[in-house]
Amino acid sequence: MRNYKGQSRVIIESVIPEINNGQYYAKGIVGKKIRVECDLFGDGHDVVNGSLLYKHKNARSWSETPLIFDINDHWFADFVPEKQGIFEFKLEGWVDHALNWQYELKRKVEGKQPVNVELLDGVNYLNNILKKASKTDKKYLEKGIQLFNEGIQNPETIEYALGDKLLYLFKKYPVKEFKTIYDNDLKVYVDRQKALFSSWYEFFPRSAGDYTDTHGTFKDCIKRLPYVAELGFDVLYLPRYIL
């Protein structure tokens, strides 16, 4: 696993699609969803998170989509290639301290324990994402910072801290501290729609003539195209032969 600052607490393995450790390309079709799966887990009980990054080989920037937890440390994410060619993708994983804070806070609230100190800790997690948040999200985060700084455990503050909106923002603006990047370079060759299925019609150009005493030509083949299309074929196969 490759990681930043020499620290890694997350393991990524059992990646699908991956052929011979990335030696060969997986295959996809333009416009059809490609699902990437992996096992992702940490070294303890902290909450982990991950993302899938992908791009066309000629693109400069990566697109990113979050990994979705499935079951038993298994995660997945989908992307839809919009054009033919080679697509590169990679997987990242990290211990998500903001989600871990929210999870532990919920457990303590359910256990009717005081969480005044934990609310003050939450200010750091909101500040971490404040700079990269949109204008609307920034206002929402600033409201939380004000509530948490008061350090008062009241229903409004607890509802904010454990709310789905804050969970959504933590996932929207993840802080990837000490992230792990999956080792192997992974690629998918995305083919055109026609690669899924075709009906082939085969005939020899020399037999396509109108007369029995002369060889057919490519112009004679053109005359047959409406007939071939009427039969429902979409690929014309002309075998190579030696005169």
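In nm, to one decimal, how far is the Tyr237 label point from the Asp213 one, both placed 7 Å along Cα→Cβ?
In this crude label model, Tyr237 to Asp213 measures out at 3.5 nm.
Can you pull out the chymotrypsin sites (Phe, Trp or Tyr not before Pro) in the stretch 170-243 whose DSSP state is coil and whose Cβ has at most 12 other Cβ atoms within 10 Å?
Phe197, Tyr211, Tyr241
List the trypsin sites (Lys or Arg not before Pro) within the stretch 18-101 that fall in a DSSP loop (any state other than H, G, I, E or B) and whose Cβ has at most 13 other Cβ atoms within 10 Å.
Filter output for the stretch 18-101: Lys32, Lys33, Lys57, Arg60, Lys83.
Could you pull out which residues in the stretch 150-191 have an amide N less than 19 Å from a spot 7 Å beyond the Cα of Lys108, following the Cα-Cβ vector?
150-164, 166-167
Determine by what factor the alpha-carbon radius of gyration of the stretch 102-172 differs from 2.2 N^0.38 Å, reporting the quotient.
Rg over 2.2 N^0.38 Å, computed on Cα atoms: 1.04.
Just the number: Rg to Rh for the stretch 113-243, Cα atoms, Kirkwood Rh, two decimals.
1.59
Do you know the relative contact order of the stretch 152-225, to the nearest whole percent, from alpha carbon pairs under 8 angstrom that are 6+ apart?
This gives 14 percent for the stretch 152-225.
Below 8 Å between Cα atoms, with a sequence gap of 6+, how large is the relative contact order for the chain in percent?
The value is 24 percent.
Restricting to DSSP loop positions (anything but H, G, I, E, B) with no more than 12 other Cβ atoms inside 10 Å of their own Cβ, which GluC sites (Glu not before Pro) remain in the stretch 26-117?
Glu82
Under the definition of Cα pairs under 8 Å and six or more residues apart, what whole-number percent is the relative contact order of the stretch 102-172? Write down the numbers at each step before the final one.
Working: 47 pairs, mean separation 26.3, N = 71.
Computed value for the stretch 102-172: 37 percent relative contact order.
With N residues in the chain, what two-decimal value do you get for its Cα radius of gyration over 2.2 N^0.38 Å?
In units of the globular-protein estimate, the chain measures up at 1.60.
So for the chain, taking the charge dipole from beta-carbon charges (+1 Lys/Arg, -1 Asp/Glu), which of Asn128, Leu105, Phe218 sits furthest toward the positive end?
So the residue furthest toward the plus end is Phe218.
Run the numbers for Lys139 and Gln153: contour at 0.36 nm per residue of separation, minus the present Cα-Cα distance, in nm.
Full-extension gain reported as 2.9 nm.
In the structure displayed, which of Lys83/Lys194; Lys27/Lys179; Lys83/Lys165; Lys143/Lys179 lie more than 24 Å apart, Cα to Cα?
Lys27/Lys179; Lys83/Lys165; Lys143/Lys179
Which value in deg cm²/dmol, rounded to the nearest 500, describes the helix-derived mean residue ellipticity at 222 nm for the chain, given -39,500 (n - 2.57) per DSSP H run of n ≥ 4 and division by the residue count?
Per the formula, -9500 deg cm²/dmol.
Can you tell me the dipole magnitude for the stretch 96-215 around its Cα centre, using point charges on the Cβ only (Lys, Arg +1; Asp, Glu -1), in Debye to the nearest 20?
Dipole magnitude for the stretch 96-215 comes out near 420 debye.
Just to check I understand the Karplus step: with θ = phi - 60° and J = 6.51 cos²θ - 1.76 cosθ + 1.60, what whole-Hz values come out for the stretch 166-176, glycine and proline as x?
Along the stretch 166-176, the couplings run 5, 4, 4, 5, 4, 7, 6, 10, x, 9, 8 Hz.
No lab work stands behind these numbers, since they all come straight from the coordinates. No experiment lies behind these values; they were computed from the predicted model shown. In this analysis, Cβ positions are derived from the backbone assuming ideal geometry, glycine residues included, and neighbour counts consider all displayed protein chains.
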